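Everything on this sheet refers to the single structure shown next.
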Amino acid sequence: MKKSLVVHITVMVIAVVLGSGLASYLMMQQSEISVNRDKLSKAPLGGFNKFASDVQWMLFINYAGGVDCVEKAEAEEIYNRLNDILANDPDLEIAYNIGGMMISNADPVKSADIFMRGANNPNLKSSWQIPFSAGFVLDRYVTDQQDPERLKKAEDMFRLAASRAGDSAPYITSALLKTRAKRILQRGKWNSIPVVNEEHALLCTLFDEWRKGGGSEDGVNPQQTTDPANNIPDIKARLLKAAQDAKASDPANKNILATLAKVMKVVSEDQHLCGNCLTPYSAGDKFCSQCGAKVAVYSVCPKCNAVIKGKFCSQCGNTDKVK
Amino acid sequence: MRTINEIMAIAGGAWQLLRMRVVYVLILCVLVLIGSAYRYDVLSLGQHKALMVDVSLMLNTLAAILVAISVTFEISRELREGVASTLLSKPLGRTHYLIGKLVGISIAGIVITGLITIGFCIIFNAAFEDAGIGQTMLLGHLLIMASVIPMSALAVLFSVLVPESISAIVTVIVIWFAHSTPALDKIKILYGGILPDLNLFNLKAEAAYNVAGSISWMYLVLALAWGIIYSVFATSLASLVFGYRDLK
């Protein structure tokens with residue numbers, strides 16, 4: 001009997017040591033497999049967290065279907081329900097998208113919170129819609145009083161969305177640039193020049209982006225960086241458009257003109273733009289085709305005033321230096 | 001060789017479960033429930049595919065728990081009716097009796113959960129022709145099949161450790177909490193060694209989303225090894241207690 005007792009205890013001790021060691025290893029493996037495991041609800045659900053989440057999700061849809069208008073009270077209820085669902089299944093992508101959007105008007109802060117949680121979930125890193133929605137809500141609905149850091153957060157979210165979407169969604173890049181412009185406008189100054197309006201701020205933003213990318217003359221950014229905003233394929237055209245818009249917004253503003261001078265000196269020194277409306281004009285043009293302003297004529301024969309197409313003037317054969 | 005034959009003879013008694021028609025009717029009901037998840041496409045806003053996988057995993061787990069606790073009724077009944085003492089009067093050790101019960105109910109459980117897994121695969125393939133059964137889904141089910149072994153060991157342990165009237169309830173409670181106490185993950189030595197950690201077999205969410213490559217075959221093998229090691233511990237403890245018990 002004693003021998004049996006010793007054998008039993010020995011077997012048990014070996015099994016405990018082996019079992020605990022193996023269990024520790026498997027727990028580590030599980031943490032790698034399931035990165036959100038620690039965030040799951042601690043409620044004793046018998047391992048049926050996902051099923052509980054499924055049931056809660058269907059009840060949520062049932063509830064949402066009966067809501068006519070989402071006011072503060074409904075937004076609170078929706079937020080609480082979403083929290084319960086996501087505590088049991090943080091990877092339910094549709095819950096972030098639908099739930100967050102439902103409360104974006106009534107309670108944008110909570111909506112942004114839902115979206116940002118989804119955006120920061122490593123298991124949902126293929127989704128660009130969630131960070132885009134987070135940025136959208138932070139940019140459009142959340143106020144500076146509610147969150148002074150909202151624009152910075154929105155910029156981060158748009159950047160995340162742009163990096164996930166790649167080239168498939170150019171409007172994300174536009175949203176990112178606009179948010180950066182708003183931040184510049186919020187700061188009030190750009191390179192010691194006071195920023196006067198949104199158009200002016202967007203011009204400053206695009207110029208910063210062009211410089212970050214080491215802007216080339218062909219209009220394509222040569223330095224492909226990890227920041228998607230620095231890989232704007234048509235940045236030069238955008239920059240020109242922004243310059244036109246900025247000038248049109250307040251043509252006599254000295255701060256805008258100072259910025260334009262700075263931008264045009266660097267970006268368009270080889271280009272011929274109308275000094276009034278910044279529209280490009282062709283060789284031989286005397287007046288701007290857009291605004292009618294007089295422009296500096298270039299590339300014409302000094303003898304016959306014909307447009308020079310090559311080494312020699314095709315009209316008079318002149319080889320003198322052209323205008 | 002004789003020992004194995006004795007164990008298999010006892011295990012054969014536990015396979016009686018597989019001869020009961022009601023078991024197959026219940027399996028059919030489970031498969032109908034799995035199939036019905038397909039109709040929840042509107043109510044779940046297009047999440048019915050993940051829902052079907054999750055429902056199948058949930059029902060398979062419940063089936064495994066029910067099979068495991070059936071052994072508590074069987075051992076208790078045999079002890080009460082004196083069948084066990086008749087068996088043990090033969091040249092058969094008490095440890096052999098418990099191991100036989102464990103092996104028998106484990107095999108029965110694996111067969112039943114295996115049938116549910118096969119049924120699920122057929123239903124899922126028919127419902128979502130374009131999707132196909134993913135490796136993660138399959139491994140999720142295989143993990144549940146493997147979890148039958150430690151659950152059966154717990155059932156055997158509690159059938160000799162606690163009075164007959166509460167052994168099934170205690171087993172269910174212990175299995176339930178062994179699945180749902182991730183907070184105890186921090187207690188490295190005890191948890192998974194002395195206390196059961198059936199959460200190691202729970203990767204239902206990953207299986208439901210069929211996250212490619214999330215569960216490896218090695219994980220399944222190691223989880224199965226843990227299940228066997230824990231079963232050795234639980235059966236040794238059960239055998240130790242059973243050895244001191246007076247039988248009718």
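Legend: translational diffusion of region A:57-172 by Stokes-Einstein, Rh = Kirkwood radius over C-alpha pairs, 37 °C, 0.692 mPa s; D = 231 µm²/s. Each part gets one Cα centre, and for region B:214-243 versus region A:249-287 those centres are 78 Å apart. In region A:272-323, taking the dipole from charged Cβ atoms about the Cα centre, the farthest positive-side position among A:298, A:317, A:283 is held by A:317.
Taking the Cα centre of region A:50-271 as reference, the dipole from Cβ charges on Lys and Arg (+1) and Asp and Glu (-1) amounts to some 860 debye.
If you fit an axis through the alpha-carbon atoms of helix A:2-33 and take the longest principal axis of the Cα set of chain A, what angle between them do you get, 0 to 90°, nearest 10? Tilt relative to chain A: about 20 degrees.
Look at where the Cα atoms of region B:1-18 and of region A:125-195 average out, and the two centres are 69 Å apart. Here the spin labels are modelled as points 7 Å beyond Cα on the Cα-Cβ line, and at residue A:17 and residue A:305 they lie 10.5 nm apart.
Just add up the charged neighbours of residue B:48: K/R +1, D/E -1, any other residue whose Cβ is under 13 Å from the Cβ of residue B:48. Value of the local net charge: -1. Average accessible surface for chain B: 42 Å² per residue, computed with a 1.4 Å probe over protein heavy atoms with every protein chain in place.
Which translational diffusion coefficient, to the nearest whole µm²/s, is obtained for region A:36-110 from the Stokes-Einstein equation, given a Kirkwood hydrodynamic radius over C-alpha pairs, 25 °C and 0.890 mPa s? Diffusion coefficient, whole number: 193 µm²/s. Among B:26, B:157, B:98, the largest mean-square fluctuation in a Gaussian network model of chain B (Cα springs under 10 Å) belongs to B:26.
The share of accessible area on the protein assembly as shown that comes from carbon and sulfur is 61 percent, using a 1.4 angstrom probe. Mean partner shielding of peptide A:35-47, defined as the number of other chain Cβ atoms within 10 Å of each residue Cβ, is 5. The value for region A:272-323 of Rg(Cα) / (2.2 N^0.38 Å) is 1.22. For residue A:300, nonlocal amide neighbours, meaning residues 5 or more places apart or on other chains whose placed amide H falls under 5 Å from its own, are A:308, A:323. Helix B:164-179 and the long axis of chain B differ in direction by around 40°, with both axes built from C-alpha atoms. In this label model, residue A:297 and residue B:118 are separated by 9.3 nm, measuring between points 7 Å along each Cα→Cβ vector. For the segment A:55-65, counting C-beta atoms of other chains within 10 Å of every residue's C-beta and taking the mean gives 2.
Excluding same-chain neighbours fewer than eight residues apart, the lysines reachable from residue A:254 by a Cα-Cα span under 25 Å are A:178, A:182, A:189, A:236, A:241, A:262, A:265, A:294. Around residue A:56, under 12 Å between beta carbons, what's the net of Lys plus Arg minus Asp minus Glu among the other residues? Counting the neighbours of residue A:56, the net charge comes to -1. Within a straight-line Cα-Cα reach of under 23 Å, residue A:125 can be paired with the following lysines, leaving aside sequence neighbours fewer than 8 residues apart in one chain: A:39, A:50, A:110, A:152, A:153, B:49, B:204. Here the peptides A:33-40, A:91-98, B:18-25, B:149-156 are ranked by packing, the mean other Cβ count within 10 Å, and the order with the highest first is B:149-156, A:91-98, A:33-40, B:18-25. Across the alpha-carbon atoms of chain B, the computed radius of gyration and Dmax are 19.0, 62 angstrom. Here the sum of -39500 (n - 2.57) over DSSP H runs of 4 or more residues, divided by the residues of chain A, equals -18500 deg cm²/dmol at 222 nm, to the nearest 500. If the Kirkwood radius is taken over C-alpha pairs of region B:1-133, then at 10 °C and 1.306 mPa s the Stokes-Einstein diffusion coefficient equals 95 µm²/s. Here the Debye sum runs over all C-alpha atoms of region A:50-271 as equal scatterers in vacuum, and log10 of I(q)/I(0) at q = 0.09, 0.12 Å⁻¹ comes out as -0.45, -0.71. The residues of region A:79-118 present an accessible area of 30 Å² per residue when probed at 1.4 Å with all protein chains retained. Computed extension length for residue B:18-residue B:216: 68.2 nm, one decimal, from 0.36 nm per residue of separation with the Cα-Cα distance subtracted. Using Cβ point charges alone (K and R +1, D and E -1), the dipole size of region A:272-323 about the Cα centre works out to roughly 140 debye. Relative to the longest principal axis of the Cα atoms of chain A, helix A:49-65 runs at roughly 60 degrees.
With the convex hull drawn around the C-alpha atoms of the protein assembly as shown, the volume per residue stands at 226 Å³.
The values are calculated or read from the model by the stated rules, or taken from the named source; none is laboratory data. Given the structure is predicted, the values throughout are model-derived calculations rather than measurements. Note that we place each Cβ from the backbone using ideal geometry, even for glycine, and neighbour counts take in every protein chain shown. Keep in mind that these areas ignore ligands, DNA and RNA; they rest on the heavy atoms of the full protein, side chains included. Shrake-Rupley method; radii C 1.70, N 1.55, O 1.52, S 1.80 Å.
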